[in-house]
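Rule-based calculations on the coordinates, nothing more; no lab input. Small disclaimer: the values here were computed from a predicted structure and weren't measured. With ideal geometry, Cβ positions are generated from the backbone for all residues, glycine too; neighbour counts draw on all protein chains shown.
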Amino acid sequence: MDKVKANLLKVQQNIEKAAYKSGRKPADIILVAVTKTVESDTIAFTHEQGISNFGENRVQQLKRKMESLPEANWHLIGRLQTNKVKDVVGKVSLIHSLDRWNLAEELNRRGEFLGVKVPTLLQVNISGEEQKAGITAGEAEVFLDSLGQLKNLRIYGFMTMAPWLDNVEEARPIFKELFQLKEKLKHQKHSNVELKYLSMGMSQDYEIAIEEGANIVRVGSAIFSGE
């Protein structure tokens, strides 16, 4: 656990530096600790160190880990199948991976059934990689325009993933483009939309993402490697 504590301190220091570099305060940045492959005792220890937001890629793992630490804020950051919607709506703090219209409809249906609003981020595939999910930047405005009919869905911002690059500086234009998209669209009047979050940046590139406007970063191995 000493390794996790040391890693976490380093990540927090890096977030602080990147936040100040971007003209913001460290408190403006939400650190989501990604718990893929991480066991419950390590997650509980990390929570004791002051981390309250945790993210999981797979719904089955998310359910198990939420049960072990229900007081934390849990985020679904991986792709969501429509048949798993019932397992996350009303239970997670934020769904980062809304990437298609039929999923939006299913989330809305479940929210309506439970009488809750469903908090999501719209996943945008800025890099254009075929293996990555998400709508294109050009589709984002039309998607937001259509949300008025989905009364129980709420979009609070955008999420993206940069490619894995040997030179992380090459990811900077991707993060910059998503920030510019948010700035372009945030003043438009869209029902059920409040573009306040940018979830971008993972262990390899979270500092650059923050410098380019991220206020949610999803960090796993940089915290938990060598646990």
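Scanning the range 99-138 for residues that are under 16 Å from the mean Cα position of the chain (by Cα) and either assigned to a strand (DSSP E or B) or hydroxyl-bearing (Ser, Thr, Tyr) (or both) turns up VAL118, PRO119, THR120, LEU121, LEU122, GLN123, VAL124, ILE135. Scanning the range 189-213 for residues that are among the small types (Gly, Ala, Ser), crowded, with 23+ Cβ neighbours inside 10 Å and either assigned to a loop (DSSP other than H, G, I, E, B) or touching a helix residue (DSSP H, G or I) at 6+ places or on another chain (Cβ under 8 Å) (or both) returns GLY201, ALA209.
Tell me the residue from GLY90, GLY78 that is closer than 19 Å to PHE158 by Cα and surrounded by 14 or more Cβ atoms within 10 Å (Cβ to Cβ), please. Unique residue meeting the criteria: GLY78.
For the range 139-175, the tally of residues that are under 19 Å from the mean Cα position of the chain (by Cα), part of a loop (DSSP other than H, G, I, E, B) and surrounded by fewer than 23 Cβ atoms within 10 Å (Cβ to Cβ) stands at 2. Within the range 38-57, the set of residues being loosely packed, with under 14 Cβ neighbours inside 10 Å and within 18 Å of the chain's Cα centre (by Cα) is empty.
This table checks each residue for (1) of a type outside the set (D, E, K, R); (2) within 18 Å of THR37 (Cα to Cα).
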residue: GLU56; (1), (2): no, yes
residue: HIS75; (1), (2): yes, yes
residue: LEU80; (1), (2): yes, no
residue: GLY90; (1), (2): yes, no
residue: LEU103; (1), (2): yes, no
residue: ASN108; (1), (2): yes, no
residue: GLY111; (1), (2): yes, no
